[in-house]
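Just so it is clear, none of the values below were taken in a lab; they were calculated from the coordinates. Computed from a prediction, not measured in an experiment: that's the story for all the values here. Don't worry about glycine lacking a Cβ; one is built from the backbone with ideal geometry, like all the others, and counts go over all protein chains shown.
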Amino acid sequence: MQVRINDLKTIPLFPERKAAIISNYKTNIQQLVARSVNSGANVILTSIFPIGPVPLIRQPFWSTDIAQVVDEVNTYLHSLKATNVLILDAYLLLAENGQVQSNYVYDTLHINERGYKKLNQELTKVLSTWLTSKSFNGKSVLNGSPTGGSL
């Protein structure tokens, strides 16, 4: 489940709604994760990507509050880690000095093909480890037999 920044970028447009925007954002993510887990799914949740350079045309509608809220929400995402919920820290993988690394930047909110390649490499490692050494819902993912283990 890839968590994105779209709702958070509205904070400068509606500063009086900042707390509600953040609260709704966290609630929506928590509900998606809970519904997924309750349906028997295992969840890999990515943190929000770091922000790229803000171009002049976007600056009147931008605020440093957005980067602070991304940090707050990413901290919250880590609190959702559970037996069936793994956190893939995209921010940590892609950030340099609080912004997306220049070789991964496409624009303010998006990463480029190299950035996605970096995420996919890490996701492949995570899945490989998860699939070979852990079990999903008490069943080995390799042969379907009960192991009694957990993520």
Against the longest principal axis of the chain, how steep is helix 18-38, in degrees 0 to 90 to the nearest 10, with axes from Cα atoms? 20 degrees
Placed amide H near Ile44: partners under 5 Å, 5+ positions off or other chain: Leu86
Helix 65-79 sits at what angle to the longest principal axis of the chain, using alpha carbons and giving 0 to 90 degrees rounded to 10? 10 degrees
Among the trypsin sites (Lys or Arg not before Pro) within the range 5-110, which fall in a DSSP loop and have no more than 15 other Cβ atoms within 10 Å of their own Cβ? Arg58, Lys81
Report, in debye and to the nearest 20, how large the dipole of the chain comes out about its Cα centre when Lys and Arg carry +1 and Asp and Glu carry -1 on their Cβ. 420 debye
Cut-off under 5 Å, modelled amide H: who pairs with Val105 long-range: Asn112
Tilt, helix 113-133 to longest principal axis of the chain (alpha-carbon atoms), in degrees rounded to tens, equals 20 degrees
Percent antiparallel among DSSP beta bridges with both residues in the range 8-140, to the nearest 5? 60 percent
Tell me which label goes with the value of semi-axes √(5λ) of the Cα gyration tensor in Å computed from the coordinates here: (1) 71, 15, 13; (2) 28, 17, 15; (3) 32, 19, 10. (3)
Computed FRET efficiency, Cβ-Cβ of Gln121 and Ala67, R0 25 Å: what is it to the nearest 0.05? 0.45
